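For reference, the structure discussed in these notes is given below.
The values are calculated or read from the model by the stated rules, or taken from the named source; none is laboratory data. Keep in mind it's a predicted model, so treat the numbers as computed, not measured. Reconstructed Cβ throughout: ideal geometry from the backbone, glycine too, with neighbour counts over all protein chains shown.
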Amino acid sequence: MSTTRVPASPAPAPLRRAGTGALAALLASATLGVMAGAVISPVVALIRDDFDLGAGQAGVVITTHSLLIALSGPLVGALIDRTGTRRVLAAGLVAYAVFGAAGALATGYPALLASRAAFGVAAAAVINGLTVSLLNLWQDRADTVMGYRSTAGSIGGILWPMLGGALGGISWRGPFTVYLIALPIAAAAIWLVPDARPPRGTSADTAAGSTADTPVRISTLLRRTPALLWIYALSLTTAVLLYAVMVFVPQRLARLDVTDPLAVSVFIAVTTAATALVGLVYGRIRRHLRYYPIFLVGLTLPIAGFAILAAATRPWMLLAGTPLLGLGMGLIMPATSVLVGTAVPRQVRGRAISYLTSMMLLGQFASPLLLGPIAGPHGIRAVFLAAAILAALIALAAATAFRPDRLTAAASVDDTASEFSRVDGADVRA
């Protein structure tokens with residue numbers, strides 16, 4: 001398929017390179033993403049008893065923020081594209097602390113849900129703001145810093161829930177105070193992180209058929225870059241797989257008479273730790289492998305992992321399967337973020353990343369809804385078998401669809417650092 005090229009106009013000045021302090025502040029922000037729901041998971045049963053809730057109502061306490069992150073993400077992304085990243089990130093961190101901790105003061109179920117809904121919008125600002133900041137400020141090291149981001153998120157997913165569990169031993173309101181850690185991180189972000197404001201009136205705007213005062217339309221980029229749609233779909237489906245571990249491994253352990261909360265947390269922590277380890281070396285991996293084999297390896301590992309989980313009849317066998325899932329996700333998550341971030345011009349990077357985040361959260365939200373009905377009549381092992389089949393289908397689609405001759409690259413509407421027409425040293429197709 002032929003592609004129409006738009007004559008390039010002078011490129012905007014590159015963004016100022018940030019220092020180590022800015023990177024530390026952004027990675028500290030990254031620790032808050034995974035723990036958004038996990039930090040209060042240990043006390044959901046206590047909340048249910050205190051407010052006299054049903055099991056479904058108690059579960060909504062955990063999932064409300066995820067749904068709001070997904071729904072508000074595109075609006076947050078548009079705000080980032082219009083105003084820059086630092087304001088959105090700083091405001092999001094402050095709101096994250098305020099509305100997250102507000103749950104500790106809730107006197108009823110409606111008030112608790114309202115605080116969780118507002119918290120979800122704040123979390124969307126944090127997740128998207130820090131991701132776009134990393135991509136904008138370290139364009140030449142995107143693979144490395146996004147690997148670090150994955151590691152930081154995984155560490156936060158282990159550290160903060162453990163603190164929340166300890167505080168939950170005092171009161172179910174205790175874990176909500178963990179969210180206040182976002183306040184000093186907000187101060188660090190304001191002080192150390194430079195604003196990654198998108199340039200205005202560049203060739204990207206002209207190419208989209210708009211003026212200097214109107215941002216380039218994301219719909220235009222999606223039409224010109226169908227690879228983005230594929231990556232969004234991949235993010236959604238792999239999130240379904242990842243949350244199958246979070247939701248159904250504890251239930252399988254209960255069937256195997258492993259019910260101690262600390263023991264159960266070890267199985268989940270192993271998955272997260274494997275993701276963290278891959279993140280530390282992801283930049284080196286990218287120096288040796290192109291995206292195509294990275295995706296294939298990242299999608300093949302969950303097939304093996306879920307197959308082991310489906311066959312497991314002893315707890316140690318489950319412990320052998322979960323790390324494979326973590327390793328696979330450790331490859332896929334930074335790869336999708338970098339691909340989306342570098343496949344679009346800076347003018348729409350906020351929205352492009354926000355859609356990726358929304359797809360991931362929708363996948364998490366949908367995972368128990370899609371796989372749960374299998375567990376009732378067929379058992380948890382059938383859920384893992386279904387997840388292995390789904391992973392195999394995704395890998396097959398990647399092997400046949402995510403290839404240079406199957407994807408249409410977008411026209412180059414912004415020649416700055418080859419960030420629109422080129423990824424991985426070649427077109428987005430590569």
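For the reader, a short list of remarks on this structure follows.
- Note on the stretch 307-322: residues that are of a type in the set (S, T, N, Q) and in a helix (DSSP H, G or I) total 1.
- Hits in the stretch 85-111 - residues which are farther than 15 Å from LEU32 by Cβ and within 20 Å of the chain's Cα centre (by Cα): THR85, ARG86
- Options PHE119, PHE176; residue that is in contact (Cβ under 8 Å) with a residue 24 or more places away in the chain, among the aromatic types (Phe, Trp, Tyr), within 23 Å of SER358 (Cβ to Cβ) and crowded, with 19+ Cβ neighbours inside 10 Å: PHE119
- Residue-level analysis places PHE384 among those that are within 28 Å of GLY305 (Cβ to Cβ), at pLDDT 75 or above and crowded, with 20+ Cβ neighbours inside 10 Å.
To keep it simple, each residue is scored yes or no on (1) touching a residue at least 40 places away in the same chain (Cβ under 8 Å); (2) over 11 Å from the mean Cα position of the chain (by Cα); (3) buried (at least 22 other Cβ atoms within 10 Å of the Cβ).
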position	(1), (2), (3)
ALA343	yes, yes, yes
ARG346	yes, yes, yes
ARG351	yes, yes, yes
THR357	yes, no, yes
LEU361	yes, no, yes
LEU369	no, yes, no
PRO373	no, yes, no
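- Count of the stretch 148-166 residues which are free of Cβ contacts under 8 Å to residues at least 40 places away in the same chain and crowded, with 20+ Cβ neighbours inside 10 Å: 0
- Matching residues, the stretch 126-147, being of a type in the set (Ser, Thr, Tyr) and surrounded by fewer than 24 Cβ atoms within 10 Å (Cβ to Cβ): THR144
- Single residue of THR408, THR400 found to be modelled with pLDDT under 55 and surrounded by fewer than 18 Cβ atoms within 10 Å (Cβ to Cβ): THR408
- Screening the candidates ALA399, ALA391 for the property of being closer than 14 Å to ALA239 by Cα, part of a helix (DSSP H, G or I) and not assigned by TED's automatic domain parsing to the domain that holds LEU75 yields one hit, ALA391.
- For the stretch 318-354, a residue qualifies if it is among the hydrophobic types (A, V, I, L, M, F, W, C) and either farther than 20 Å from GLY147 by Cβ or in contact with a strand residue (DSSP E or B) (Cβ under 9 Å, 6 or more places away or on another chain) (or both), and the qualifying residues are LEU318, LEU319, ALA320, VAL338, LEU339, ALA343, VAL344, VAL348.
- Residue among PHE248, PHE295, PHE267, PHE306 that is buried (at least 16 other Cβ atoms within 10 Å of the Cβ), without any contact (Cβ under 8 Å) to a residue 60 or more places away in the chain and not assigned by TED's automatic domain parsing to the domain that holds ILE155: PHE267
- Of the residues making up the stretch 218-237, those that are without any contact (Cβ under 8 Å) to a residue 12 or more places away in the chain and in contact with a helix residue (DSSP H, G or I) (Cβ under 7 Å, 6 or more places away or on another chain) are LEU222, LEU229.
- The condition (being farther than 27 Å from GLY363 by Cα and at pLDDT 90 or above) is satisfied by just one residue among ARG87, ARG82: ARG87.
- Residue, modelled with the highest pLDDT, within the stretch 314-340, restricted to residues that are hydrophobic (A, V, I, L, M, F, W, C) and either over 16 Å from the mean Cα position of the chain (by Cα) or farther than 17 Å from PHE295 by Cα (or both): LEU324
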